[in-house]
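Heads up: the structure comes next, in structure tokens.
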Amino acid sequence: MSQLKQNQADGDERHSTLLHNAAAIRAICSAVEGTLGPKGLDTMLVGGQGDVLITNDGVTILEKMDVSHPAARLMVQVARAQQQQVGDGTTTATVLAGALVAEGVAHVQEGVPVAKVAAGMQEGIRLAAEALAAHARPIEGPDDPMLYRIAYVAGREHADIARLVTEGARLVGEERLRDPGYRFGDAVVSSDKGPSEVWPGLLVPRKPAPELWRPDAAGGAVLVLQDALEPERPGDETLGTDAGVRLLLERREQFAGQLERLAELGVGLIATERGADAEAEQFCADRGILLLTRLTRAELRRIAAFAGAMPVRRAALRKQPDELARVLGRAGHLGYDEAQERVKLGGGAGSPAVSVVVGASTREVVGERARIAADAASAVQAAVRGGYVPGGGSVELAVARELERRRETMRGMEAYGVAAVARALRKPLAQMLVNAGFHPLEKLELVKASQLQSGSDALGIDCDTGELLDCLAAQIVDPAPVKIHAVQAAGEVAGAVLRIHTVVKMKG
């Protein structure tokens, strides 16, 4: 007995870094796992100045947390990567990563070499991703009624948000949703100054530069300027000379002619990256041209894509009218909503766009509703691209069963890594059951046996009654790409954590 205790103590000392990292990761996971599932609760984040944020969003919780442990920071990267790639499933990815680390550590403590566990785990992740893709059902375009259910589940059962998101998806169209460069989640905007709505175009949270501009519904050509709307200035060395003054007056005269040319071309909107001088502002106000200044590069790109404009530098204003016309875009509607303090662009000649406005009575509430709507929008786009699978943790349990069968045919100690992935895949359903107040082991075995008997990948547990539930028949579904990326991201970080043998502080 004493020899056994000594061996255990030696093992703990040998893997002290791994155990320390695993403990830090466990602490991080405990902060978000209580939000998982239909019975998940919210987390309150309190700032140093007394500011409070209440949220159910995994990536928001992790990014706002004060995390100093280096291994724990890797978990934040899991959630961030999940958010950037698919926009939803951050809590699931975090919970899976924590479970993978815990299962891997358990095998290492049993004497399995870390390298063997990590290698087997990567193989298990590959097999799990392939299995999840094989279980996916396709979406039949933006009018598929299953998209509402996907938005409803991802939107935490907010029916109004699900309706807004699915309406926006229909307006933007399947081709745009499949565009790799388009993020439907970015179309969600919050408003505590107006009702929720879906606007078939762009909303730019800016005020027109000349406040004398009178909003109307007229459209016009669109100029996107990656520069300031002002005359070109002579060099500082000539500015104080008579020649410099004459050159400045000449360029101001040329600039006035360039503005007149823009008006003749029917320009109704000028969007600039920098400012505009007083002459340009007054000209735009007099001619009814909407002027938006000091926009970000991202805002300029969205406007250019929507209007079909080519962003240009100030030198392009010297082009002949026919050449200048080729870089202009067009919008059929140019207006300004004074209540929401947003410019509204509609009828663009470029790529279709839509804005999903999520309203609420207070800034704190509207911020959380906007995060929920962005998750729902991202889930809808992911489903259009890659289909959907049964939700409620049911498909993960089915894939876990497939991995267990594969593990039985494997030789070598890498099989322990595959077994670790299979056990980790049980964690999402187990955590949902805990959050709903049920004993997870009993219910997990019930679902596992029932899936095996029926051959179904959709059987789960009703979190209200504790009874068996066909998640597919109940339309509890999740986007397949969200699940696949969550497994892959969790596997990458878990493998990295398991391979850390020593932590050394860098100098400087």
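Brief remarks on what is shown
- DSSP-defined antiparallel bridges as percent of all bridges, the chain, nearest 5: 65
- Along each principal axis, taking the top coordinate minus the bottom one, the Cα set of the stretch 201-353 gives 50, 32, 27 Å in descending order.
- Rounded D (µm²/s) - the stretch 132-172, Kirkwood Rh over Cα pairs, Stokes-Einstein at 20 °C, 1.002 mPa s: 200
- Nearby lysines by direct alpha-carbon distance to K193 (threshold 16 angstrom, same-chain neighbours under 8 apart not counted): K207, K344
- Lysines whose Cα lies under 28 Å from that of K427, excluding same-chain neighbours fewer than 8 positions away: K39, K64, K116, K443, K448, K483
- Rounded, prolate or oblate (a/c below 1.5 giving rounded, otherwise prolate when a/b exceeds b/c) for the stretch 356-459 by Cα gyration tensor: prolate
- Listed values for the stretch 436-446 are Karplus-derived 3J(HN,Hα) couplings in whole Hz (6.51 cos²θ - 1.76 cosθ + 1.60, θ = phi - 60°), namely 8, x, 10, 7, x, 4, 4, 5, 4, 5, 5, and x replaces Gly and Pro.
- Packing-based exposure ordering (other Cβ within 10 Å, fewest first) of H439, H20: H439, H20
- The stretch 140-198 and the stretch 453-508: distance between their alpha carbon centers, rounded to Å: 24
- Along the stretch 89-96 the Karplus relation, 6.51 cos²θ - 1.76 cosθ + 1.60 evaluated at θ = phi - 60°, assigns HN-Hα couplings of x, 5, 5, 4, 4, 5, 5, 5 Hz to successive residues, with x for each Gly and Pro.
- For the chain, calculated [θ]222 nm from helices alone, where every DSSP H run of n ≥ 4 adds -39500 (n - 2.57): -17000 deg cm²/dmol
- Relative to its Kirkwood radius, the Cα radius of gyration of the chain gives an Rg/Rh of 1.09.
- In plain terms, the bigger the Kirkwood radius, the slower the diffusion; for the stretch 10-61, with that radius from Cα pairs, at 25 °C and 0.890 mPa s, Stokes-Einstein puts D at 187 µm²/s.
- Under 5 Å between amide hydrogens, built in the peptide plane, is the criterion, and for G201 it picks out V354, S355 among residues at least 5 positions away or on other chains.
Since every read-out is calculated from the coordinates, none of them should be taken as a lab result. Computed from a predicted model, the values in this text were never measured in an experiment. In this analysis, Cβ positions are derived from the backbone assuming ideal geometry, glycine residues included, and neighbour counts consider all displayed protein chains.
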